[in-house]
Amino acid sequence: MALVLGIESSCDETGVALYHTERGLLAHTLHSQIAMHNEYGGVVPELASRDHVRYTLPLIRKVLIMANCALSDIDTIAFTQGPGLSGALLVGASVACSLAYALGIPAIAIHHLEGHLLSPLLSEPKPEFPFVALLVSGGHTQLMRVDGVGEYTLLGETLDDAAGEAFDKSAKLLGLDYPGGALLSKLAQSGVAGRFKLPRPMLHSGDLEFSFSGLKTAVLLAVQQNSQDEQTKADIAHAAQAAIVDVLVSKSLSALKKTGLKQLVIAGGVGANQTLRAQLSHAAQEYNFKVFYPDLEFCTDNGAMIAFAGAMRLKLQPAQKDYRFNVKPRWDLQRLSHAD
Ligand code: KG4
Ligand code: ZN
């Protein structure tokens, strides 16, 4: 039995949560920096780090109050070690390790994508191992076979832009704020299907790799070649979303076929996309598999998935009281072993 404090600070969200191995998620809270980065059209790393400095400790106090717990109740602190922005990661890592040292408890370093991969296990109904996971965030697009905690096999990934990036770059070309994924999706609701036909890169490549950079060029051309009234923008948004979602759905189906597995888990920010969810649910009925999503609030970056991944790792092996820390801005999930 253990109470785990989770700290996420890999990019532009400070997320903090308390997860209890028996009682489940006790509290979680988040501060998003989106409004701050918006005027620059993307994340400014130095501003991100400074904002994590401002928010991490107040958010820790807040979750303790929300869960009616004291600092001394915490048994272990889990923090995101990578991948992500180095300065931002360093804030979470240094707060986690110094607080753990002060309390005399262990700190556990968590891979951010492992947090995303395991996040559907925070919701009901839960998938059971093994499953196929489609990890679609701002920086990653990967299909993984997940046999257990720490047992991840890469089936395929993007050769260039991530799906979230494709959403964000298309949104930017349409004059939407950063990050544009959710805004593009909203705009697409009033779009007319079929007016623009955009490419579905690698759809028939026969493997599980993705490529989205060509799509961005096609969106750019559509923007340049048509006057940008609201309806045209919505029609282009509709076409861009349809192209991205078609590829994600088709490759996910191929991954299920290739592995023979019957459960698909969606993780990462793009997993919040309602069109993706609707098409996958439809395909699940047609092809007889089950699809699992994290609750919407756990799709994008959050502290709960880090606290939860920490709790899962604790079950595998006891955590060490070793307070030396480093961060891993680039870190391949495949290289994460059982014992990491
Ligand atoms: O997982 P996440 O919060 O952060 C990373 O680890 O990257 O994912 C953020 C990405 C952004 O590209 C954002 O535009 C996209 O997820 N996103 C969406 C939606 N909500 C967030 N993309 C499409 N539709 C959405 N509803
Ligand atoms: Zn993420």
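What the table shows:
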{"item": "Residue-span extension gain [Gln231 to Ser98] - 0.36 nm each, minus C-alpha spacing", "result": "42.5 nm"}
{"item": "Two-site label geometry, Lys257 and Lys62: point separation in nm, points 7 Å out along Cα→Cβ", "result": "4.6 nm"}
{"item": "Label-point gap, in nm, between Asp177 and Ala278 - each point 7 angstrom along Cα→Cβ", "result": "2.5 nm"}
{"item": "Alpha-carbon Rg with Dmax, taken over the stretch 63-190, Å", "result": "18.3, 56"}
{"item": "Helix 213-225 vs. the chain, principal-axis angle (Cα, 0 to 90°, nearest 10)", "result": "50 degrees"}
{"item": "Cα pair distances of the stretch 1-145 binned at 10 Å [whole percent]", "result": "11, 39, 35, 14, 0"}
{"item": "For the stretch 125-293, alpha-carbon Rg and Dmax in angstrom", "result": "15.8, 51"}
{"item": "Hypothetical label at Thr153: residues of the stretch 319-335 whose amide nitrogen lies under 14 Å (7 Å Cα-Cβ projection)", "result": "334"}
{"item": "For the stretch 263-339 and the stretch 132-200, distance of Cα centres in Å", "result": "16 Å"}
{"item": "Convex hull of Cα atoms in the chain, direction-averaged projection (nm²)", "result": "16.5 nm²"}
{"item": "Likely footprinting exposure, His31, His37, His111, His52, fewest C-beta neighbours within 10 Å first", "result": "His31, His37, His111, His52"}
{"item": "Relative contact order (percent, whole number), the stretch 125-293, Cα cutoff 8 Å, 6+ residue spacing", "result": "28 percent"}
{"item": "Value of [θ]222 nm, deg cm²/dmol, for the chain, DSSP H segments ≥ 4, -39500 (n - 2.57) each, nearest 500", "result": "-13500 deg cm²/dmol"}
{"item": "Contour minus Cα-Cα distance for Asp246 and Ala35 (0.36 nm per residue)", "result": "72.9 nm"}
{"item": "Folded to 0 to 90 degrees: helix 45-66 orientation relative to the chain principal axis, Cα", "result": "60 degrees"}
{"item": "Too-long pairs where the Cα-Cα distance tops 29 Å, listed order kept, from Lys126/Lys216; Lys290/Lys321; Lys62/Lys172; Lys126/Lys251; Lys172/Lys251; Lys186/Lys290", "result": "Lys126/Lys216; Lys290/Lys321; Lys62/Lys172"}
{"item": "The stretch 29-86: proportion of alpha-carbon pairs further apart than 18 angstrom, %", "result": "47 percent"}
{"item": "Length-normalised contact order of the chain in % [C-alpha pairs under 8 Å, at least 6 apart]", "result": "25 percent"}
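Quick note: the coordinates plus some simple rules give every number you see, no bench work behind them. Since this is a predicted model, take the numbers as computed values, not measurements. All Cβ positions, even for glycine, are placed from backbone atoms using ideal geometry, and neighbour counts span all protein chains on display.
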